[in-house]
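Below: the structure, in structure tokens.
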Amino acid sequence: MDSYELFLIITPGWEDLALKELLLKAPVDKYNVIKGGIELTADIAWIERAHLMLKIPTRILMRVTTFKVRDFPKLYQKFSTLPWTKYLSHPLPQWEISCSKSRLMHTGRIEETVAKALDEAQKRQPLSRDWEKKNYSPQTFYIRLVDDQLTLSLDLTGDFLYKRGLMTIKGEAPIRENYAAAMAWEILSNLDQKVTLVDPMCGSGTLLIEALTFHQPLHLRPFAFETAPFYKGRLLKKTEETTPLPIEEARGFDLNADLLMKAKAELRMPLPLIFTEKDSVLSALKLPENSIMICNPPYGERIKIEGKRGSFLQNAWKKFLEDDRPLRFGWVLPSDMDDLFSKAPGYRQIQKRQFKNGGMAVTFWIWERI
């Protein structure tokens, strides 16, 4: 079976956890971790499995070619002679172009040149008419120019991998699904017992749902590679579920009863998940001794909170740690508040991970009860 050079796009700050997930769910012999991604070589079966199983990457690219180019005639010549029928399923692909420290810097002219070259190539290498008969969507190719070195890659994923197809209902400030999956997996690692997973400010339940489906293969939406010529004639089959996270049940609390009702109604698979309308800061949650609490609280940016955000979050922090006393507690907060929450009485810090969520620098903390 043919092998392909692939690149997994990872949000900076999550590369180590993405590699750990990769080696657990879809292992490969050789790989290279760089900032923002993982390079590897694998076959079609691996591409299938990775798209079904991996929850932390944002998308997977296939490297088509790499070459030096310093002028537009060379760019045209190279693109007009590429073996497009191996990769192209639609005659009018979309282009994502980035340039850095190269003689060719005008992205508009680069796109115009490669589009003309592709048009010329298709006169000699006509495409199958499947794209018209089956209403295929245009593919996306990534062109990256750095120091006059051009890398052309095909997007295998289509919509971002974190768009699972599980549900479309969202709260006002949801955490992105791949972040939620990574955080849930991290806080539930290295446990020797089954636990109750609790989100005291759950919104539409993204953190809980990602935890419960972390080891389940998902094919509730199409992937771009399914229409590519190198995949033609194959049928994507679900792979087996790996060992689930040690969750006995999941409980989500929120003030927005309407959102909870819509989230529960829209969820496309049965899960051991209970939603309850409740103010988790003012009300006792009566949690089991083995509870793990995780949340993405409002910061006052997109969801309004009463008073100053520091006071609101400190009150929540004090209540969760002193009254609810979960076995582990994790939440994600703006990094400019790190000093306010660096010490948790009765707990020891086991993780502090920084990344960007919606352009904002945030910190994901995990504490464990002493």
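The values are calculated or read from the model by the stated rules, or taken from the named source; none is laboratory data. Since this is a predicted model, take the numbers as computed values, not measurements. So basically every Cβ, Gly included, is an ideal-geometry build from the backbone, and we count neighbours across all protein chains shown.
Observations on the structure shown:
- Residue in the range 230-249 that is of a type in the set (Val, Ile, Thr), assigned to a strand (DSSP E or B), touching a helix residue (DSSP H, G or I) at 6+ places or on another chain (Cβ under 9 Å) and not assigned by TED's automatic domain parsing to the domain that holds Lys134 present: yes
- Given (1) in contact (Cβ under 8 Å) with a residue 12 or more places away in the chain; (2) over 16 Å from the mean Cα position of the chain (by Cα), number of the condition His215 does not satisfy: (2)
- Matching entry among Gly158, Gly203, Gly233 (being at positive phi and free of Cβ contacts under 8 Å to residues at least 24 places away in the same chain): Gly233
- The residues listed here are Gly252, Gly203; of these, the one that is at pLDDT below 95 and surrounded by 15 or more Cβ atoms within 10 Å (Cβ to Cβ) is Gly203.
- Evaluated against (1) in contact with a helix residue (DSSP H, G or I) (Cβ under 9 Å, 6 or more places away or on another chain); (2) surrounded by 13 or more Cβ atoms within 10 Å (Cβ to Cβ); (3) not aromatic (Phe, Trp, Tyr), Leu259 falls short on exactly one condition, (1).
- Whichever residue in the range 138-166 is in contact with a helix residue (DSSP H, G or I) (Cβ under 8 Å, 6 or more places away or on another chain) and hydroxyl-bearing (Ser, Thr, Tyr) and, among such residues, is nearest to Leu6 (Cα to Cα): Thr157
- Against the criterion of being at pLDDT 95 or above, in the same structural domain as Gly359 (by TED's automatic domain parsing) and not basic (Lys, Arg), Ala182 qualifies.
- Cβ-Cβ distances below 8 Å connect the following pairs, each with a first residue in the range 272-287 that is on the phi < 0 side of the Ramachandran plot, a second residue that is in a strand (DSSP E or B) and surrounded by fewer than 18 Cβ atoms within 10 Å (Cβ to Cβ), and a separation of six or more residues or different chains: Pro272/Glu248; Pro272/Glu249; Leu273/Glu249; Ile274/Glu249.
- Some residue of the range 346-363 being more than 27 Å from the chain's Cα centre (by Cα) and in contact (Cβ under 8 Å) with a residue 24 or more places away in the chain: yes
- Meets criteria (closer than 14 Å to Leu208 by Cα and surrounded by 13 or more Cβ atoms within 10 Å (Cβ to Cβ)) for Trp331: yes
- Asn290 out of contact with any strand residue (DSSP E or B) (no Cβ under 6 Å at 6 or more places or on another chain) and surrounded by 13 or more Cβ atoms within 10 Å (Cβ to Cβ): no
- Against the test of being in contact (Cβ under 8 Å) with a residue 12 or more places away in the chain, under 18 Å from the mean Cα position of the chain (by Cα) and not in a loop (DSSP other than H, G, I, E, B), the options Ile209, Ile143, Ile169 yield a single qualifying residue, Ile209.
- Among the residues here, Leu220 qualifies as surrounded by fewer than 17 Cβ atoms within 10 Å (Cβ to Cβ) and assigned to a loop (DSSP other than H, G, I, E, B).
- Put simply, of Lys123, Lys101 the only residue that is at positive phi, out of contact with any Leu (no Cβ under 6 Å at 6 or more places or on another chain), surrounded by fewer than 16 Cβ atoms within 10 Å (Cβ to Cβ) and among the basic types (Lys, Arg) is Lys101.
- Within the range 106-120, if we keep just the residues that are free of Cβ contacts under 8 Å to residues at least 40 places away in the same chain and aliphatic (A, V, I, L, M), the residue that is nearest to Asp71 (Cα to Cα) turns out to be Ile110.
- Residue selection: Ala263 satisfies the criterion of being more than 22 Å from Leu54 (Cα to Cα) and small (Gly, Ala, Ser).
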